[in-house]
Amino acid sequence: MVSSLSRLDRPVLGILALCLAGACVIHIRDVWQHGWLPYRFAPFALNVYWTSLTFFDALAAGLLFRRPRAGLALALLIIVSDVGLNLFARFYLRLHLQPLALSLQVLFLLTVLAVTFHARRVGAATLTI
């Protein structure tokens, strides 16, 4: 386990992992209800990307516990790309995405950014040898 995490940082990483696990469950539900590549209203590339989040959200959630630095990096990559693509889909492609979901994703993006900057500043996400 990571011994350099403070008692305060572990619950924060746990909350991030819980959010990612929740997103994974939503993608699993979509695949279960609508089949593989369930987002047929979107262009194929977006459909593939959103479906791939089923795997990547779960991977990032697990990494936050086992390898926090890698988990934070993957979570940041996921949420930056997801918010960017969702904004593109909403405002350029004019897809009707749920405003609440998009707002929560932006909030999660800001949270992951804050945690990442905090971890880099205090060295909270580094492994000790």
Exercise for the section: Take every Cα-Cα pair in region 10-100 and report what % of them are more than 18 Å apart. Expected result: 47 percent
Problem - Modelled FRET efficiency - R0 35 Å, HIS118 with TYR92, Cβ distances, 0.05 increments - result: 0.60
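No lab work stands behind these numbers, since they all come straight from the coordinates. These figures come from a predicted structure and were not determined experimentally. A quick note on method: Cβ atoms are made from the backbone with ideal geometry, for glycine too, and the neighbour counts reach across all protein chains shown.
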